[in-house]
Amino acid sequence: MEIVFLFAIVLSMAAIGGLLYFQNKELVLSRHTIGSEFLPKEFDGFTIVHLSDLHNKQFGKGQWRLIGMVRKARPDIIVMTGDMVDSTFYHSEPTVELMRGLREMAPIYYVTGNHEWSRPELGELLRQFAELGVSVLDNRVEIITRGDKEFAIAGIDDRARYVGEEDSRQTLHRELDRVRHSIDERAFKILLAHRPELLHEYMQHHFSIVFSGHAHGGQWDLPVIGPVFAPGQGLFPKLVSGVHKRHNTHIVISRGIGNSGIAFQRLFNKPEVVVVVLKNLAGK
C-alpha cells in the first residue's frame, strides 16, 4: 500500500510538473481587431505585433520559435512594452537576439519597463537597441506614414524612472502632456506604456490605443476565480490581458512572454504573442 501511495505521489508531482512546464513554455498567438473612425483608410488592415515582458526568456536557439511566430503574423510594425530583460537575473543577449531576428521583418518600437530602470546597464542596453535600428520611444513621438496619410506612435518611460521624485504621478502627467501636445489633436494616436494599472492617467491624454504589459496575465488564471495577482493591482486584478475600452481609448494588455524571477509562475496563462489589426470605421 505504501508503494502504491508513493507511486501516486510521484505520478501526481510529474503531472503537475509537466503541466507547469507547458504552461510556461508553450507560446500562443492572440488576435484582436480594433476599429477607429480616426484611423485613415490607408491604414485599414495595418497589423501590429505586441511583445512584452520577455525577462531574458529563450525560445529556442536565436529565439527561432518566437521569431517564427511573429513572422507568420506578417506585421507592419512590432511594439515592445518593457521588461524585456530581468533585473534580478540580468542577461541582455536573449533580447538582443530577438531584436536582431525581427529587425528586417518590420520597424520595432520599444519603451522601458520597471526592470530596465533597476539595472545600471540600461544606457548600454539602449545603445545596443539603437544600433539594431530599434526606435526607443523615451517620452518621444514618431510618425508612421502610408502615402500622404499618417498616424502617431508615442512612448512613455516607465514610472520607475521617477522613483525618488516628490510626485512621480505629476511627472508622468507632465511627460504625457508634452508628448501629446506634439501631435495633432485629431490624429489617430498610439501610446506604448508599460503599466496597465495607470489606464486612467493615459485616458486623460486622449490616445486611441494604449499597449501595455507588466501584469503577466495575473500569474495564475484560475477557473471561476480568474487572475490571482498583478503588480500594481494586487489580488484579483482586472487589467491583465486582452483588449479593454474606456470611453474612446482601447488598451491592449499582453500577458507577456517571460517570467520574473520564478521560472514556472504561470498557470492557465500561457506566454503570448499579441496581434492587433487596425480597422478604419469612417470609410474615408
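Readers should treat all values here as calculations from the given coordinates under stated rules, not as data from a laboratory. Just so we're clear, the structure is a prediction, and the values are computed from it rather than from any experiment. Heads up, the Cβs are rebuilt from the backbone with ideal geometry, glycines too, and the neighbour counts pull from every protein chain shown.
Of note:
- Springs between Cα atoms under 10 Å define the GNM used for the chain, and in it the highest mean-square fluctuation of ILE257, ILE34, ILE209 occurs at ILE34.
- Amide H within-cut-off set for ARG246, under 5 Å, with H built and near neighbours excluded: ILE251
- In percent, rounded to a whole number, the relative contact order of the chain is 28, using alpha-carbon pairs under 8 Å and six or more apart.
- Packing-based exposure ordering (other Cβ within 10 Å, fewest first) of GLU124, GLU104, GLU116: GLU104, GLU124, GLU116
- Spacing of the two label points (7 Å from each Cα toward its C-beta) at PHE89 and GLU121, in nm: 1.4 nm
- Of the GluC sites (Glu not before Pro) in segment 172-221, the ones in a loop by DSSP (not H, G, I, E or B) with at most 10 other beta carbons within 10 Å are GLU185.
- The chain: angle of helix 2-25 to the longest principal axis, Cα-based, in degrees nearest 10: 10 degrees
- Beta-bridge orientation, the chain: approximately 40 percent antiparallel, per DSSP, counting only bridges with both partners inside.
- FRET efficiency, ARG71 to ILE3 (Cβ-Cβ, R0 51 Å, nearest 0.05): 0.50
- Centroid-to-centroid, using Cα positions, segment 189-218 and segment 133-160 are 14 Å apart.
- Stokes-Einstein diffusion for segment 125-235, with the hydrodynamic radius set to the Kirkwood value over Cα pairs and evaluated at 37 °C in a medium of 0.692 mPa s, equals 209 µm²/s.
- Angstrom value of the Kirkwood radius, inverse mean 1/r, which spans all Cα pairs in the chain: 19.5 Å
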